[in-house]
């Protein structure tokens, strides 16, 4: 553990400044709970880890071959009190951790809606970019994920290609995106901020570039942004759809569409695009 | 492409040569990538050519065929497994080094290898390390040691043992071929569809992966059956199950896991092959396919697999702690129960590999708790090993350095494992480098250190001389430091949200730690170099390092009761034992070197068989034909395998006799040597005075 400590300090340092990509410097309630859970597990685990970290050096020193000072009993092989201890303590630790585990798994279930009026965003994974559809606002984006801070966001996620994983580390949980299926994720940002979003599941040549900028903005800014997108964005036409479906990185896509910058806003998105990707008629029955 | 060409060579064209990447390079990184790939392929070809040249020059083809390839002696098969493992370790380490270099240079999109090349590297690295380094290494150790420990002359099915090796080697050969005739899969060692389906990867890559893994899986299943029957049926008189050395227990559990866990993998790769070759829709995006079924099948194998890997190492550590503490193992019964618990629980946790696939929270919670439960028996084992050293006399010989480092580092890995067992934490750490750091933390200090400790421990038994301790220490310390530097930064990177399998990245915060990890990789390469030097130096000084009396470490189990190297027939007469630590008991009573009670008898040993090597060649040809659509070759290979197996069934002359007087002469020479060889105390253990004749620690240490 001693060896890990400086690492964690480094992590905290980095997490605080650049990138905003660590759940240990949480930017939302889910990540905050996960960060707290993380330290809880580390702390409780010290009950079983510290005896090893301290005991091993002590034993090899005290019972070393040359000049060892402890007594030598080569046939000693069992002790009832010790046996109860070495089974009992791990059992107690696992009980303590298991209760917390069950509770956290239920409360942090990515499918569970967060309290409040959620913004719905539909997410479709393509090779190698994400399309974000805002059904209420009637727009769609590639490259930028914008939503109001301090308000739950409800993601409905699917993929139009191989399996991907939709992940915003500073906000918490990730979930797989799979063709013909819909997965869900509920997150929120505490306060305005910019975070890194990514695909964490290797999906081919452009995988490393499949990140996106996450902007948690104020309610007014969000409304303004949506309106200006509606007014000034590109139409989501057949060309745009085909460009999305082609294997290309985000910047290649933007080149194809003739857009400069890192992102594009579409003035409309076919209302049934998400559903058509997320449901595969040949799959028989609902598979979530 | 002419019809004739495709009839003969299928879809294989000159494009498969890695040198093409140089020719088609459009920028510096692609050029470098081509050079790396071509160099690797060139080294593989040169190595193979040199091997052929050396074998021809020194007229070794005959001995190689007679004494090794067709041998069904469990000891020789064990050694061949370990040699295979070390060769594959060298390649996979080199790949790891290239990947670490790439990530250290990959900030902002630079680097040494292309994205595609990087993906092949992590796929071959994982596939090799699991299937062609770890599995052969542990199978080799079990093969060599387990029959000796239970007082048997061989495994239950010696020819099948050679066949297992043949299939494993065939898979390894396929991987080596993929270095020259590219590409290999880019789908990682798990080969998840739909990415590996024909719709997204129509090329030969995933097919290489499918057949390499399938072949090795068949070999492993057969090994498992062989070991289980051997342990159940071939123990010597008096050795009850609860008297077996712990290494035999872990071998037994591993073998049971092999039998039950490998079939799901074979089914998964088989179904994927149906998708790819015959247009089925098992795991495709369309036509009713569902990749979730693959994930479940794969991890139904994959999770027990990690215990297949770790349990034999636990067995080695049990022997090491007991031997180098001059003390009987603490909590033998608890260790056996813990091993069995782990084996059973290992089948109940596979969902934790995909907590993020969208299943219900209840299901995740159940599998999360089941995962944590494995921590209990594992924790018990750690404490039992500590208590084995407690009240002992701990000698920090090379295997013990690995073992002590294992205790500390494995506990850290256990901590990160418990973290990942929490579904709600896995949601933020899955698919990141935290996960990569975790499983390397389990597999390097756990499995690999255990294998290296075992290699150091049993090397003198196999070859008659100990490994040079000086270079052994250097290797061990470099492995430990290298591991810490290479993988602890990855914990940090994972917490910083860096996904695994990234060839390039655009987040400056990740750069410093990738650089530290590269430093660790350099140290690990140096550690491997030390192991090579150690082997060279030891072979050179083998006269001085010889331990003909066979017991260099004052050990406690039966394999140390025979000369080093162990005779072909293992024991002059099948031993009769009482209680645990059979050899320690014999030594204390002064009976370690007596002649067999009822005299010497003729010994019946199995004859050599060519079935193993023939199946190896046949199955390699078949798989290679399937990969490149050379259907004639695939059919020919399959026919060779079938014909050889049938022909083998007609063999009648399967055994030969070792005459009683030969056994007597060899054993009496050994006993006579004992009279002139002094027993040495443990302080001289790692010196040239060690002739393998130990004075028992209980006599030497009196405090």
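Readers should treat all values here as calculations from the given coordinates under stated rules, not as data from a laboratory. Since the structure is predicted, the reported quantities are computational estimates derived from the model, not experimental observations. We place every Cβ from the backbone using ideal geometry, glycine too, and count neighbours over all the protein chains shown.
Our Cα-only numbers for segment A:20-107 put the radius of gyration and Dmax at 19.5, 57 Å. Kirkwood radius and radius of gyration were both taken over the C-alpha atoms of segment B:527-675, and their ratio Rg/Rh is 1.15. With the simple model of a label 7 Å out from the Cα in the direction of the Cβ, residue B:646 to residue B:27 spans 5.8 nm. Beta bridges from DSSP with both residues in the protein assembly as shown: antiparallel share about 65 percent, rounded to the nearest 5. Once the Cα-Cα distance is subtracted from the 0.36 nm per residue extended length, the residue A:213 to residue A:96 segment shows a gain of 38.3 nm.
Using the Cβ-Cβ distance between residue A:230 and residue A:107 with R0 set to 35 Å, the FRET efficiency works out to roughly 0.45.
Ranked for footprinting exposure by Cβ neighbours inside 10 Å, fewest first, B:603, B:525, B:382 give B:525, B:603, B:382. Volume per residue of the convex hull around the Cα atoms, evaluated for chain B, comes out as 159 Å³.
Where only DSSP H runs of four or more residues are counted, chain B gives -21500 deg cm²/dmol as its mean residue ellipticity at 222 nm, each run worth -39500 (n - 2.57). The calculated Kirkwood hydrodynamic radius for chain A is 22.0 Å, given to one decimal from all distinct C-alpha pairs. Counting every pair of alpha carbons in segment B:311-360, the share spaced more than 16 Å apart comes to 57 percent. Under a no-solvent Debye model with one identical scatterer per Cα of segment A:119-283, what's log10 I(q)/I(0) at q = 0.11, 0.18, 0.20 Å⁻¹? With one equal scatterer per Cα and no solvent, log10 I(q)/I(0) is -0.39, -1.14, -1.45.
Between residue B:689 and residue B:360, the simple spin-label model (points 7 angstrom out along Cα→Cβ) gives 7.1 nm.
Taking other C-beta atoms within 10 Å as the exposure proxy, A:146, B:398 rank A:146, B:398 from fewest upward.
Extents of segment A:69-144, taken as max minus min of Cα coordinates on every principal axis and listed largest first, are 78, 31, 19 Å. Here the residues B:483, B:294, B:132, ranked from fewest to most Cβ neighbours within 10 Å of their Cβ, fall in the order B:483, B:294, B:132. Taking only Cα atoms and a 10 Å spring cutoff, compute GNM fluctuations for chain A and point out the largest among A:211, A:154, A:260. Greatest mean-square fluctuation among the candidates belongs to A:260.
Work out the FRET efficiency for residue B:64 and residue B:39 from their Cβ-Cβ distance, taking R0 = 22 Å, and round it to the nearest 0.05. That pair, residue B:64 with residue B:39, gives E of 0.20. With respect to chain B, whose longest principal axis is taken over its alpha-carbon atoms, helix B:611-628 is tilted by about 10°. GNM remark for chain A: springs join alpha carbons under 10 Å apart, and the peak mean-square fluctuation among A:228, A:165, A:35 falls on A:228.
Placing a pseudo-label 7 Å from each Cα along the Cα-to-Cβ vector at residue B:6 and residue B:541 gives an inter-label distance of 6.2 nm. The packing ranking of peptides B:384-391, B:230-237, B:624-631, B:589-596, highest mean first, is B:384-391, B:624-631, B:230-237, B:589-596, where packing means the average number of other beta carbon atoms within 10 angstrom of each residue.
Cβ-Cβ distance of residue B:629 and residue A:151, R₀ of 51 Å, FRET efficiency by 1/(1 + (r/R0)^6): the value works out to about 0.35. The DSSP beta bridges internal to chain B are antiparallel in roughly 65% of cases.
Taking all C-alpha pairs of the protein assembly as shown, those more than 36 Å from each other amount to 52 percent.
Could you work out how far helix A:80-107 tilts from the main Cα principal axis of chain A, as a 0 to 90 degree angle to the nearest 10? Approximately 10 degrees, to the nearest 10.
Out of all Cα-Cα pairs in segment B:1-59, roughly what percent, to the nearest whole number, are more than 18 Å apart? Here the long-distance tail beyond 18 Å is 56 percent of all Cα pairs in segment B:1-59. What do you get for the angle between helix B:205-233 and the principal long axis of chain B? Use alpha-carbon atoms, 0 to 90 degrees, nearest ten. So the helix axis and the longest Cα principal axis differ by about 20 degrees.
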